[in-house]
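A quick write-up on the structure given underneath.
The values are calculated or read from the model by the stated rules, or taken from the named source; none is laboratory data. All figures in this text were calculated on a predicted structure; none of them were measured in a lab. Backbone-built Cβ (ideal geometry, glycine too); neighbour counts: all protein chains shown.
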């Protein structure tokens, strides 16, 4: 049986080892998320190099959003059974290969393969469903909210740090070499594989056997979740989150350029989103243990809608853009800790990577439309205005759909019959 960190390292419940777990998970998320969220900086260069058009290139990015989500339930189910370390190892390699190959692609199909299948699929395997489930498995229950906030903040820090790095590399080496260097940089996440190895199923089976029960199988767990209205409401709200995140990550530099501002402002806006999402993620990780998680989600989505409305009404100066990016950054991925917390509270950690992976799939379906519609609407109208209007309406809907969520603890095992 594969041993977890709790079994391999003596005193695994002590703070130094807990911080090692969180550093490994947050660092991996920082590298994979940082590279993915910086890809919008290369959109214009890809268009100039390939002459495919913004709409076609946006399709590749949109497919990446969808594929990132599609891989997570399956990656989570595999990690729950054979261990997170193996899944993360393969994911990191695929991100590196896909990112390195992207500048060599000259067709829409090639870009979809490199960006959408390899890089995005790898990022899904080494993404939040696997990383947060591994962290939740390896830390005490009373620290899970803070742990998910820290891991989530790692992804935000990656975006904050990677955008200026990408800008610097582009100015020194050109966009193609810069993208390939980012691919190599992802490989720094490989040492995390050893720290996060292990799986939750074996541990749950041991605990259940002592009480004459057995944990729910993957099929039973997913059937239970899909039959739970609160899980469906949570997934629907997270779909809207994906629309917001993907549109901003892919098209915010283009929005800023359309306002007549310099490309550097676009890069710094992405960095501001990453920086302030660190604040939002840590604050939300702290808050989930003190307030109802569905209320926190409602507040976040409502704040997004209001921020977009104010942004549309104000003149587009560098200061306005950066303040808007900071506000959106506070809410950007801070939806993750309460969403992870609700899944863990309702269903436990045994099948958590898979169940949160399904919620992430909904997130990325929204991400597909956010990335694709941004390019399609701009190409058709010469403006992003209609995407912003849709964004506001969706934010209001997401705020409302989280209100009826019930935070009940559901059965996590079945009795063993003779």
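Residue-level check: of (1) on the phi > 0 side of the Ramachandran plot; (2) within 16 Å of the chain's Cα centre (by Cα), residue 260 misses just (2). Across region 285-297, what is the number of residues that are modelled with pLDDT under 85 and within 25 Å of residue 65 (Cβ to Cβ)? So the count comes out to 1. Checking residue 319 against (1) closer than 28 Å to residue 168 by Cβ; (2) assigned to a helix (DSSP H, G or I); (3) touching a helix residue (DSSP H, G or I) at 6+ places or on another chain (Cβ under 9 Å), only one condition comes out false. Which one? Unmet condition: (3).
Just so you know, in region 326-364 the residues that are outside any helix (DSSP H, G or I), within 14 Å of the chain's Cα centre (by Cα) and within 22 Å of residue 71 (Cβ to Cβ) include one that is modelled with the highest pLDDT, and it is 335.
Here's a check for you: in region 170-206, which residue that is modelled with pLDDT under 75 and either in contact with a strand residue (DSSP E or B) (Cβ under 8 Å, 6 or more places away or on another chain) or not in a helix (DSSP H, G or I) (or both) is farthest from residue 100 (Cα to Cα)? Ranking the candidates gives 205 first. Only one of the listed residues (150, 167) is over 21 Å from the mean Cα position of the chain (by Cα), assigned to a helix (DSSP H, G or I) and farther than 16 Å from residue 100 by Cβ. That residue is 167.
Filtering region 77-90 to residues that are under 20 Å from residue 190 (Cβ atoms) and assigned to a helix (DSSP H, G or I) leaves 78, 79, 82, 84, 85, 86, 87, 88, 89, 90. Annotation note: Cβ proximity below 7 Å between a residue of region 254-275 that is outside any helix (DSSP H, G or I) and a residue that is modelled with pLDDT of 80 or more and buried (at least 20 other Cβ atoms within 10 Å of the Cβ) (sequence gap 6+ or interchain) occurs for 261/321.
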